[in-house]
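> What follows is a single structure, and I will ask about it in a moment.
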Amino acid sequence: MFLAMAPTPSSPSTSAASTQTAPPAATRATAARDVPAEPERGRGVPVRTILLGLAGVALIALGGTGAGATLKRDPLLADTSFSWIRYGHGYDLANVVLYTGVGLLVWAWVRLGRMVHHRLVDSLAVLVAITAWTLPLLFAPPLFSKDVYSYLAQGQLALRGFDPYAVGPAALPSPLSDNVSWVWQNTPAPYGPLFMLLSKGVVGVTDASVIGGVVVMRLVLACGLALLCWSLPGLAGHLGGRAATALWLTAANPLLLVHLVGGAHNDLLMVGFLAAGVLLVLDRRHVPGIALVTLAFSVKATAAVALPFLVWVWAARLEGPQRSRFLKACGASVAVFAVVFGACTVAAGVDLGWIPALSTSSSIVNWLSIPSAVGDVAHTVVDWFVRVDPAIFLTAARGVGSLVLLWIAWTQWQAARDGGPEAVRRAAITMLAVALLSPATLPWYFSWPLVLAAGLAWTSSGLVAATLASVWLLLVTFPDGDTALYSWGYLLLAFGVSVLAAVTVLRPDPLGLSSRYDR
C-alpha cells in the first residue's frame with residue numbers, strides 16, 4: 001500500500017504553522033508529483049459531491065436497521081409494522097438499500113479525491129465532507145461488526161465487579177451479552193485499561209441500555225476521529241504531504257467511516273490518540289506526545305509499535321553521542337509511559353490480564369493474514385493426499401510469520417536511527433507488516449498504517465493503490481458482520497468495483513458515461 005509513496009520528508013514544523021505556511025519549494029515539488037503544477041484554485045465546498053455522500057450514509061444507516069449487525073430483539077422495531085425489514089424479502093430490500101448507500105458514498109469519496117488530487121478544493125472542503133458523512137453513522141445500528149456489543153458487555157462485567165480479563169460476557173447473562181457474537185461469548189477482553197474504564201462508564205451512564213450504549217460508545221469513539229482531523233494537517237506539514245490529501249485518504253475514507261464509525265470499533269480512538277501523539281513528538285513536545293501514544297496503547301496494544309520509533313525522534317534532538325542520546329530519550333519515554341499507563345490501570349481498577357488475553361484473537365482465521373493464508377493453503381494441498389490436523393499448519397505458518405514480523409520491525413527500527421519524519425515512515429511500514437503478518441487480521445486493521453502514512457507525499461500510483469485497497473477492504477465483510485472472504489464470486493465483483501474506483505480517482509468518468517467533469 002505504501003510502496004509508491006515518496007520517501008523524502010519535509011522539515012519539521014509546528015502543528016499550527018503546518019496548516020498556514022507553505023512548505024519549501026523542494027517539498028512542494030515532491031508532494032505535487034504527478035499532480036498538475038498550478039496552485040490550488042478552488043477554495044469552495046463541492047456541495048453536490050458532499051450531498052451525494054450524505055445520501056449514501058443516510059441509506060447505509062437506513063438499510064442497517066434491517067441488514068446490519070442488529071439486535072436479537074430490537075425494542076424499537078419488535079412488534080411493530082416495520083419488523084418485516086429483518087426477515088425474508090424485507091431483509092433483502094434492506095441489503096439493497098445499504099449497498100446502494102455504500103456505492104453512493106464511495107462515488108462521492110472518489111469524486112472528492114479527484115478534486116483534491118487536482119487541487120480544486122482544500123482541506124476545509126474535506127473537513128465539511130467528513131462532518132456531513134459522519135453524523136448519520138453516529139446513530140445507525142452497528143454496521144459490519146458486532147464488536148460494540150462485546151465492548152458494552154465487557155464494561156458491564158467490570159461495572160458489576162467481574163474481572164473482564166478473566167471471564168467473557170457469558171459470565172453475566174443480560175441483553176448486552178445476548179447480542180455478543182458466539183465467538184467472543186467466553187473470551188476475556190483483550191483491550192487496555194483506558195478502554196475498560198470508558199466501557200464501564202458508558203454502561204453506567206446508559207444504565208446498560210443496548211441502544212443507548214451503542215450511541216454513547218460511538219460518541220466516545222468519535223473523539224478519536226476529531227483528534228485525527230486535528231492531527232493530520234500538522235503531520236502532513238512535517239512529512240511532506242498535503243493536508244487535504246491526508247484528510248481525504250483517512251478521515252473521509254469509507255473504510256474508516258463505515259467500519260470504525262459505523263462499526264463502532266475502538267481502533268478509531270486508538271488511531272486518534274496515536275496520530276495526535278506522533279504530531280506532538282514531531283512538534284518537539286515529546287512528553288505529552290509519548291503520553292498520548294501511551295493512551296492509545298491503553299486502548300489497544302497495537303499502538304505500542306510506534307513508541308520505539310518515537311524514541312529515535314526524541315533522541316535525535318538531544319546532544320552527545322548517539323548511545324547516550326538514545327538512553328536518555330528511552331529512559332524518559334519509559335518514565336512517561338509508566339506514569340500514564342499506571343494511572344490508567346489504577347483508575348480502571350484492573351490488572352495486566354489483558355496482555356495474555358491478546359492471544360484470543362488468534363481464533364480468527366482468514367486469508368487477510370498472510371501466515372494464516374499460507375497455513376490454510378498448505379493444509380488444503382496436503383489434505384488431498386492424507387488427513388492431517390489443520391492446526392499443525394496454522395501454528396507453523398503463524399510462527400514463521402511472527403519471526404518475519406520481528407525481523408521487519410527490527411530492520412525498520414534500525415533504519416530510523418536518525419529520527420525525524422523518516423522514523424514515522426518506518427513506523428508506518430512496520431504497522432503495515434503487523435496488519436499483514438499477525439496471526440489474525442481484519443479489514444479495518446489496515447487503517448493503522450494508513451493513519452501514520454497519510455501525511456507523506458503520495459504519488460498518483462500510491463493514491464490509486466490506496467483507493468483500490470480501501471474500497472476492496474470495505475466490501476470484504478457483510479453488513480451483519482460475517483466475513484465475505486470465502487464468497488469468491490462476490491469478492492470478484494468487489495474487486496471490479498474497487499478497480500473502477502481507483503481508476504476514477506485520477507480521471508473522471510473512465511467508462512465514458514458523461515461528457516463533462518461535474519463537481
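Bear in mind that the values in this text are calculations on the coordinates, not laboratory data. Since the structure is predicted, the reported quantities are computational estimates derived from the model, not experimental observations. Cβ placement follows ideal geometry from the backbone for every residue including glycine, while neighbour counts extend to all protein chains displayed.
> On alpha-carbon atoms, Rg over Rh for region 402-519 using Kirkwood Rh?
1.06
> Pop out the Kirkwood hydrodynamic radius of the chain from its pairwise C-alpha distances, inverse of mean 1/r, in Å to one decimal.
When all Cα pairs of the chain are included, the Kirkwood radius is 23.7 Å.
> Just the Cα atoms of region 437-493, one point each, no solvent: what log10 I(q)/I(0) does Debye give at q = 0.12, 0.14, 0.31 Å⁻¹?
Each listed q maps to, in turn, -0.35, -0.47, -1.28.
> Sequence-distant or interchain residues sharing an amide H contact under 5 Å with T477, placed H: which?
Amide H to amide H, under 5 Å and 5 or more residues apart or across chains, T477 pairs with A484.
> Additional query: Would you order E422, E319 from fewest to most other beta-carbon atoms within 10 Å of each residue's own beta-carbon?
The most exposed by this proxy come first: E319, E422.
> Treating cross-link reach as a plain straight distance, find the lysines whose alpha-carbon is under 27 Å from the alpha-carbon of K328, omitting any fewer than eight places away in the same chain.
K300
> Here is a follow-up. So if I place +1 on the C-beta of Lys and Arg and -1 on the C-beta of Asp and Glu, and nothing else carries charge, what would the dipole magnitude of the chain be about its Cα centre? I want it in debye, nearest 20.
Charge dipole, the chain, about its Cα centre: 1260 debye, nearest 20.
> Okay, next question. Please report Y490, Y151, Y87 as a ranked list, fewest other C-beta atoms within 10 angstrom at the top and most at the bottom.
Fewest-to-most ranking of Y490, Y151, Y87: Y87, Y490, Y151.
> Another question about this same structure. For a quick check: with amide H placed at 1.01 Å from N, whose amide H comes under 5 Å from G240's, ignoring anything fewer than 5 positions away on the same chain?
Under 5 Å from the amide H of G240: S10.
> More than 15 angstrom separation, counting every C-alpha pair in region 390-436; what % is that?
More than 15 Å apart: 49 percent of the Cα pairs in region 390-436.
> Dipole of region 347-505, Cα-centred, from +1 at each Lys and Arg C-beta and -1 at each Asp and Glu C-beta, to the nearest 20 debye?
In total the dipole reaches around 340 debye.
> One quarter of the convex hull surface, Cα atoms only: what value does that give for region 129-202 in nm²?
With every direction weighted equally, the projected area is 5.5 nm².
> Quick one: putting +1 on the C-beta of Lys and Arg, -1 on the C-beta of Asp and Glu, what dipole do you get for region 123-243 around its Cα centre, in Debye to the nearest 20?
220 debye
> Which value at 222 nm does the chain reach when only helices count, each DSSP H run of 4 or more adding -39,500 (n - 2.57), with the total divided by all residues and rounded to the nearest 500 deg cm²/dmol?
-19500 deg cm²/dmol
> For a protection proxy built on the mean count of beta-carbon atoms within 10 angstrom, sort 175-182, 60-67, 103-110, 491-498 highest first, please.
Listed from highest to lowest mean packing, they are 60-67, 103-110, 175-182, 491-498.
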